[in-house]
Amino acid sequence: MEIVILPSPAEVARKAADAIEQYVRRGPAVLGLATGSTPLGTYQELIERHRNSGLGFGQAQAFLLDEYVGLPAAHPQSYHSVIRDEFTDSVDFAAGAVHGLDGMAQDPQAEAAQYEERIAAAGGVDIQILGIGTDGHVGFNEPMSSLASRTRIKTLTRQTRKDNARFFDREQDVPDHVLTQGLGTIGQARHLLLLAMGAAKADAIAAAVEGPLAAICPASVLQLHPHVTVLVDEAAASKLTHQDYYRDTFSRKPAWQGL
Ligand code: F6R
């Protein structure tokens, strides 16, 4: 796990975009996309690079991490709509190249199983962008999720519903249930890019990076993955015990190694 502490959220977005650009320029890439506030700066950065420096997504595919159950794709807060509005409609993905879970599926278990098959058929995810919940969730794998879980339906915690209420008119409008890639599914992506900004994420980042591997902090499962990059601003890094070590190591990393 590489921990990179950056001076500002804008620097986190730039560095994340650098990592993603590397895959997109290399050939047909499969991107794993998160929604929520955290990756918005990264998506903005990628849109600018598409407009100003010819970064093309025409050969790429994308898979969303999760979706609210009960929201049709056209609902403004469905993750299908959010990713279109915030990123994919502003670049040049081919029609049908952006995949998401169907929150209205009659049979959520079958939908989850088919989603796993679609990811596998695409050759797996090359780079997966992740945010982290204040309770340590990644995707919508809430505390006590199986560290080996696959895509399935989950119930959001009250904390997550409260955190996400800002996207809805009222807290009670936040759906109770979601479909989410499992921790085992996420762990099959070849490179995991965990982003966090702001003091509200400091406890979760400290638990994920330096705490024990434990289902109470689902993001701690990233400790098992061979290629994880954690990009955090100063505030999100503020509760890490070994900040000096991370800064020192990154400052002396040879440029050719990349992220
Ligand atoms: C969203 C997702 C969630 C968010 C997390 C943080 O697709 O998978 O894990 O990344 O809830 O949300 P924000 O970024 O809004 O703080």
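What the Cα atoms of the chain give is an Rg and a Dmax of 17.2, 53 Å. 3J(HN,Hα) along the range 60-72: 8, 10, 9, 10, 6, 6, 7, 7, 6, 7, x, 9, x Hz, from the Karplus curve 6.51 cos²θ - 1.76 cosθ + 1.60 with θ = phi - 60°, whole Hz, x for Gly and Pro. Summary value for the chain: 25 percent relative contact order, contacts being C-alpha pairs under 8 angstrom separated by 6+ residues. If the segment from Thr155 to Gln109 were pulled out straight at 0.36 nm per residue, it would be longer than the present Cα-Cα gap by 15.2 nm. DSSP beta bridges fully contained in the range 135-259 are about 55 percent antiparallel.
The coefficient of translational diffusion for the range 96-248, derived via Stokes-Einstein from the alpha carbon Kirkwood radius under 37 °C and 0.692 mPa s, stands at 202 µm²/s. What residues from the range 1-35 fall in the zone where the backbone N is under 19 Å from a label point 7 Å along the Cα-to-C-beta line of Asp248? Those under the cut-off are 1-6. Between Val98 and Ala62, the built amide H atoms are under 5 Å apart, and every one of these is 5 or more places off in sequence or on another chain. The antiparallel fraction among DSSP beta bridges confined to the chain stands at about 30%. The HN-Hα couplings worked out from phi for the range 247-255 by the Karplus form 6.51 cos²θ - 1.76 cosθ + 1.60 (θ = phi - 60°) are 5, 4, 4, 5, 5, 9, 6, x, 4 Hz, whole numbers, x standing for Gly and Pro. Over the chain, with a Gaussian network built from C-alpha contacts below 10 Å, which listed residue (Asn141, Asn164, Asn52) shows the highest mean-square fluctuation? Top of the fluctuation ranking is Asn52. Taking the Cα centroid of the range 51-65 and of the range 219-259, what is the distance between the two, rounded to the nearest whole Å? Answer, in whole Å: 26. Looking at the range 75-194, send over the antiparallel percent of its DSSP beta bridges, to the nearest 5. In the range 75-194, approximately 55 percent of DSSP beta bridges are antiparallel ones. The three principal axes of the C-alpha atoms in the range 1-136 carry coordinate ranges of 44, 35, 30 Å, sorted with the longest axis first.
Sort 202-211, 218-227 by packing, meaning the average of other beta carbons within 10 Å per residue, with the highest value first.
Per-residue Cβ counts within 10 Å, averaged per peptide and sorted highest first, yield 202-211, 218-227.
Karplus-derived 3J(HN,Hα) values for the range 190-203, using 6.51 cos²θ - 1.76 cosθ + 1.60 with θ = phi - 60°, are 6, 9, 9, 10, 9, 10, 8, 9, x, 5, 5, 9, 4, 5 Hz; glycine and proline are entered as x. Helix-only arithmetic for the chain: the sum of -39500 (n - 2.57) across DSSP H runs with n ≥ 4, divided by the residue total, places the mean residue ellipticity at 222 nm at -9500 deg cm²/dmol.
Short to long, the 10 Å bins of the Cα pair-distance histogram for the range 168-221 hold 19, 38, 36, 8 percent of all pairs.
Every read-out reported here was derived from the displayed coordinates using simple, explicitly stated rules and does not represent laboratory data. Remember, predicted model here, so these are calculated numbers, not experimental data. Here the Cβ is made from the backbone with ideal geometry for all residues, glycine too, and neighbour counts use every protein chain on show.
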